[in-house]
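What follows is one structure encoded as structure tokens, with my remarks underneath.
The values are calculated or read from the model by the stated rules, or taken from the named source; none is laboratory data. These numbers were taken from a predicted model, which means no experiment stands behind them. Cβ sites come from the backbone with ideal geometry, for glycine too, and all protein chains shown count toward neighbours. The protein model used for the area step is the full one, side chains on, heavy atoms only, and it has no ligands, DNA or RNA in it. Shrake-Rupley method; radii C 1.70, N 1.55, O 1.52, S 1.80 Å.
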Amino acid sequence: MANIVAIVGRPNVGKSTLFNRLTGTRRAIVMNTAGTTRDRQYGKAEWCGREFSVIDTGGWVVNSDDTFESEINRQVDLAIREADVVLLVVDVNQGVTEFDTEVAHLLRQAK
Ligand SMILES: Nc1nc2c(ncn2[C@@H]2O[C@H](COP(=O)(O)OP(=O)(O)OP(=O)(O)O)[C@@H](O)[C@H]2O)c(=O)[nH]1
Ligand SMILES: [Mg+2]
């Protein structure tokens, strides 16, 4: 797979909604509950005449002790390593929160 875009961000900001829009599908489950997406999911997208692969990921939880959340973080980490582009999604209504800032910090470390 080439041209991979990973959609990353804290829980419940609209990552799966964006995945569905980009892939023209309803494969990703969208719900107003944080932690809906768990496994990463791959799809094909075309935007402005360019084709690429897109990965939906679960919401990144900073410094979590919860086993489920740590496993989701591990999945996000795999997607980041694989991706050519990482797209950080934030909720425009809430603005940039401290969790967004921490996720951004982790992404910068991933170079
Ligand atoms: N108003 C508005 N609501 C949105 C938008 N995008 C997503 N939502 C809503 O926000 C909620 C969360 O959307 P998801 O796409 O499931 O969010 P997510 O980031 O994938 O969530 P997790 O998988 O739990 O991390 C749902 O109720 C969506 O309908 C948007 O652009 N505008
Ligand atoms: Mg989701």
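Some values worked out for this structure:
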| item | result |
| --- | --- |
| Residue list for segment 1-27, filter: surrounded by fewer than 19 Cβ atoms within 10 Å (Cβ to Cβ), within 6 Å of ligand 1 (Cβ to nearest atom) and touching a residue at least 40 places away in the same chain (Cβ under 8 Å) | PRO11, ASN12, GLY14 |
| From VAL30, VAL76, residue being part of a loop (DSSP other than H, G, I, E, B) and either surrounded by 13 or more Cβ atoms within 10 Å (Cβ to Cβ) or at pLDDT 95 or above (or both) | VAL30 |
| VAL54 being open to solvent by less than 70 Å² (accessible area, probe 1.4 Å), outside any loop (DSSP other than H, G, I, E, B) and either of a type in the set (Asp, Glu) or in contact (Cβ under 8 Å) with a residue 60 or more places away in the chain (or both) | no |
| Selection within segment 79-89 - surrounded by 18 or more Cβ atoms within 10 Å (Cβ to Cβ) and over 10 Å from the mean Cα position of the chain (by Cα) | ALA83 |
| Among (1) out of contact with any Ser or Thr (no Cβ under 7 Å at 6 or more places or on another chain); (2) surrounded by 15 or more Cβ atoms within 10 Å (Cβ to Cβ); (3) not aliphatic (A, V, I, L, M), the one test that PHE68 misses | (2) |
| Residue list for segment 41-51, filter: part of a loop (DSSP other than H, G, I, E, B) and open to solvent by less than 70 Å² (accessible area, probe 1.4 Å) | GLY49 |
